[in-house]
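Participant: Before we start, here is the structure in question, set down as structure tokens.
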Amino acid sequence: MQRPFTQVVDPTLAEMGKNLNEAMQMLEGNQRSEEEERDGKKYSRKDIPGPLQGGGQDMVSILQLIQNLMHEDEEEESQSYRIQNVGEQGHMALLGHSLAAYISVLGRERLRKLTTRILSDTTLWLCRLFRYENGSAYYHEDDREGLLKVCRLVIHSRYDDYTTEGFNALYNNQPVIYISAASRPGLGQSLCNQLGLPLSCLCRVPCNTMFGSQHQMDVALLDRLLKDDLQSGKCPLLLVANAGTPGAGHTDKLGRLKELCDQYNVWLHVEGVNLATLALGYVSSAVLAATKCDSMTLTLGPWLGLPAVPAVTLYRHEDPSLSLAAGLTCSQPVEKLRALPLWLSLQYLGHNGIVERINHASQLSQKLFDNLKDLSYIKTSVENDGSSSVIVFKFNYEGSKSDSTLNLSTIERESDSMNQWLGDQLAVLVPSCGVDIVELEDEGTCVRFNPLMTSSVLGTTGEDIDHLIECIKEKIPVVLNTLQLKEEFRQEVERIAGLSYILDYSWPGLGIVRYDHNSEEMDDAKREAEQEKINATLLKKLNELESDLSFSSGPEFGAEKNCIYVGMVSEDVDVSELAETIAALGRDIEENSKLLENMTEVVRKGILEAEEQLQKANEERLLEEGVLRQIPLVGSVLNWLSPVQATPKGRTFNLTAASLESTEPTYLFKAQTTGTTPPATPTSGHARLPGQKLFKRLSRNSDAMSETSSISHLEEVENMDALSAPDVQQPSIHPAVEAMSVKPGTPDSETPSEESQEPEVLNLKTEESESVR
């Protein structure tokens with residue numbers, strides 16, 4: 001139970017703890033306090049930023065600003081997002097940073113005593129917890145900094161005149177640093193850059209290729225490398241081994257490596273996530289051998305869910321002066337306060353709390369491993385021997401030998417993209433598990449679950465593992481269906497003229513298609529622009545179809561452009577129907593595009609012809625009616641005395657036929673008639689059951705409809721296809737033609753029938769249709 005701050009003796013310390021507690025509650029609980037606007041500022045300068053003007057901001061306003069900056073993008077993110085689970089133990093770690101700043105203002109003697117006590121206590125506790133007796137500790141923010149300081153310590157130890165001679169002392173006896181090929185990328189280069197050593201001082205030790213784990217360091221090969229370097233006059237300096245490789249979590253043979261390092265006088269440094277299991281009651285012999293190494297780096301922050309705590313490098317060395325020269329010990333008391341957040345957090349958790357968190361991660365790993373063993377098409381990288389909590393798995397099609405429809409080489413090349421898609425889906429669906437993607441040299445792309453680095457941070461539970469297993473079971477059929485239909489879809493696309501299949505093994509979907517627009521009249525730039533326009537319109541139309549497939553334009557920085565990327569297939573689909581539909585839609589878009597190109601000239605000619613016919617009609621009317629009827633007042637009287645019984649003479653401009661036609665059939669049949677029928681939008685020619693979506697097959701080996709209901713189902717499908725066929729989009733009417741159009745004076749009750757499907761027409765009528773008043 002947390003004690004109130006009033007019981008703390010130091011009033012400043014109590015006030016600081018109270019303020020920090022209120023700040024954490026405000027930031028985590030999204031509490032927003034309302035403050036009145038400040039009065040006019042006494043002092044103001046135009047060149048001073050707004051937040052700095054006046055007498056300063058109060059703490060609540062500043063924390064409010066921090067909160068807004070932290071959460072301003074959460075509403076825009078579409079994917080679920082889990083921040084670190086900062087519990088009370090996390091608050092203790094954060095309190096340690098504030099305490100360190102407060103303690104730094106104490107008197108020098110009091111500060112020295114306090115920092116010495118904090119540093120010695122924390123070092124003793126960590127050495128006892130992780131079975132590293134008689135060790136010293138170095139606390140650092142960057143987890144690579146401890147190894148860097150250890151390298152400097154070994155250089156000072158092996159080269160007596162290094163302090164005075166510097167690099168000249170290394171010239172005749174070049175040091176060599178050995179790093180496993182499975183270590184994290186860039187570690188060796190970073191060490192050489194910080195130490196001022198050439199890259200020739202770095203030696204990458206390959207992993208086992210025939211015996212043992214493929215991610216463990218090859219001890220026999222390392223022995224030969226050490227002998228060769230000694231014979232060539234080099235100085236083997238340090239070996240970096242792994243108790244949990246960054247990729248697969250494998251542990252090197254630390255016992256044999258230690259014997260080899262003692263034989264050649266090489267410093268052995270160990271790092272890795274499996275070092276956390278040293279705090280448990282039972283430790284595997286492979287990891288337990290790490291307690292005999294010369295140094296190890298511990299990352300307690302993610303292991304225990306502690307934010308902003310430093311990493312710790314434990315090491316054994318008898319000469320304090322060399323440790324000081326290497327920077328492993330510091331003379332400034334303020335620098336020793338780095339251990340304060342750990343000092344507070346370890347006391348708050350206690351031994352039981354520390355063991356509970358590490359053991360919880362191991363149990364989650366074991367539960368996932370037991371469930372993955374029972375899943376078909378899922379392969380784990382190694383058998384779980386209890387020494388590692390990292391689970392690496394991937395989709396693996398084991399039944400490919402008996403399935404003649406699949407190409408083995410194709411599956412192997414496309415395995416990485418499928419596992420990339422699987423890992424991305426699991427990371428989105430179950431974010432609390434913290435799965436990620438890892439690239440292994442021999443196994444390719446895999447999905448990794450590393451609970452020691454994520455479970456305390458994300459608060460992973462056993463229910464989350466159950467949810468993860470269910471998601472894996474749901475995604476396996478999707479991957480299987482896609483793999484089974486990929487080759488068939490490629491063959492169907494290549495069979496159809498006008499379509500091109502783009503081969504890209506990095507795309508995890510059904511395939512990539514491009515509709516080719518070939519026109520010899522266009523140059524390359526114009527042809528490419530037209531092809532981009534057609535494929536963009538085709539993509540839009542495909543997404544408007546009622547199907548379970550997803551269509552996209554591909555990755556933002558993909559190599560292929562002007563393509564349609566077909567996504568994963570959740571169920572069995574008719575790829576032949578899909579390819580034919582894509583080709584038919586593309587041809588329809590291309591034809592409409594050509595029609596739009598010629599429409600300007602067609603409409604212009606139609607306007608000129610309409611103007612000529614209107615002029616002829618006016619002349620004929622003038623001859624029939626006489627000049628007197630054209631005078632407004634006289635014409636009205638004559639029309640009243642002797643009405644003219646003239647039938648309206650109009651014209652319609654048929655955009656499809658590009659011709660002028662008479663409107664007499666329209667007045668005769670009370671509907672617009674034409675001799676041509678517009679082409680329907682391309683749809684599937686395959687019959688579908690009511691409610692069945694496009695491209696979907698009921699079964700590969702069964703009929704789609706039974707004999708007793710086949711006739712009725714076919715009739716329903718034909719009716720549905722007739723009703724669901726979308727209208728053909730006609731080009732827009734030229735403004736000049738629309739201005740000349742005069743609708744015939746038909747009553748509202750005599751509108752054309754809705755059942756007639758006619759192309760758009762323009763009604764052009766002479767002034768003879770004007771009614772006589």
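The values are calculated or read from the model by the stated rules, or taken from the named source; none is laboratory data. All figures in this text were calculated on a predicted structure; none of them were measured in a lab. FYI the Cβ positions are ideal-geometry reconstructions off the backbone, even for glycines, and counts take in every protein chain you see. Quick note on the areas: whole protein, heavy atoms, side chains included, nothing else; ligands and nucleic acids left out. Shrake-Rupley method; radii C 1.70, N 1.55, O 1.52, S 1.80 Å.
Participant: Looking at the range 505-593, which GluC sites (Glu not before Pro) are in a loop (DSSP not H, G, I, E or B) and have at most 16 other Cβ atoms within 10 Å? Write down the numbers at each step before the final one.
Facilitator: On the way: sites: 520, 521, 528, 530, 532, 544, 546, 556, 560, 571, 577, 580, 590, 591; in loops: 520, 521, 546, 556, 560, 571.
Qualifying residues, ordered by number: 520, 521, 546, 556, 560, 571.
Participant: For the range 514-592 and the range 283-360, what is the separation of their Cα centres, given in Å?
Facilitator: Going from one Cα centre to the other spans 58 Å.
Participant: Which loop GluC sites (Glu not before Pro) in the range 335-397, with loop taken from DSSP, have no more than 14 other Cβ atoms within 10 angstrom of their Cβ?
Facilitator: Filter output for the range 335-397: 383.
Participant: Which value, in Å² and to the nearest 10, is the accessible area of residue 117 when all protein chains are kept and the probe is 1.4 Å?
Facilitator: Solvent-accessible area, nearest 10 Å²: 140 Å².
Participant: I want the local charge near residue 143. Using Cβ-Cβ distances under 15 Å, sum +1 for each Lys or Arg and -1 for each Asp or Glu among the other residues.
Facilitator: Working: positive: 144, 149, 184, 338; negative: 141, 142, 145, 271.
Surrounding charge for residue 143 is 0.
Participant: Related question: Quick query: amide H of residue 652 versus all other amide H atoms, modeled in the peptide plane; which residues come in under 5 Å with a sequence gap of 5 or more or a different chain?
Facilitator: Those qualifying (amide H under 5 Å, at least 5 residues apart or on another chain) are 661, 662, 663, 764.
Participant: Could you run the Karplus curve 6.51 cos²θ - 1.76 cosθ + 1.60 with θ = phi - 60° over the range 308-313 and give me ³J(HN,Hα) per residue in whole Hz, x for Gly and Pro?
Facilitator: 6, 9, x, 7, 10, 10
Participant: Here's another thing I want to ask about it. Quick check: convex hull over the Cα atoms of the range 183-270, volume per residue in Å³, rounded to an integer?
Facilitator: It is 97 Å³ per residue.
Participant: May I pose another question? For residue 473, what accessible area in Å² do you get when you roll a 1.4 Å probe over the heavy atoms of the protein chains, rounding to the nearest 10?
Facilitator: 100
Participant: With only alpha-carbon pairs counted, each pair once and no self-pairs, how large is the Kirkwood hydrodynamic radius of the range 108-168 in angstroms?
Facilitator: 14.1
Participant: If you take every residue apart from residue 588 with its C-beta less than 12 Å away from the C-beta of residue 588, what net charge results, scoring Lys and Arg +1 and Asp and Glu -1?
Facilitator: For residues surrounding residue 588, the net value is +1.
Participant: Further, regarding this structure: Could you please put 351, 250 in sequence from largest to smallest accessible area, using a 1.4 Å probe?
Facilitator: My answer, sorted largest first, is 351, 250.
Participant: Taking H as built 1.01 Å from N, whose amide H comes closer than 5 Å to the amide H of residue 507, not counting residues under 5 places away?
Facilitator: Long-range HN contacts for residue 507: none found.
Participant: List, in order, the whole-Hz ³J(HN,Hα) value for each residue of the range 602-611 obtained from phi through the Karplus relation with A = 6.51, B = -1.76, C = 1.60 and θ = phi - 60°; use x for Gly and Pro.
Facilitator: Values per residue, Gly and Pro as x: 5, 5, 5, 5, x, 5, 4, 5, 5, 4 Hz.
Participant: Going by average Cβ neighbours within 10 Å, how do the peptides 479-490, 165-176, 103-114 rank, with the highest at the top? Kindly include the intermediate steps, with their values, before the conclusion.
Facilitator: On the way: 479-490: 19.9, 165-176: 14.0, 103-114: 12.3.
Result, highest mean first: 479-490, 165-176, 103-114.
Participant: A further question follows. Give me the Kirkwood hydrodynamic radius of the range 109-261 in Å, from all C-alpha pairs, to one decimal place?
Facilitator: The Cα-based Kirkwood calculation yields 17.5 Å.
Participant: Kindly state, as a whole number, the per residue volume in cubic angstrom of the convex hull around the alpha carbon atoms of the range 225-282.
Facilitator: 94
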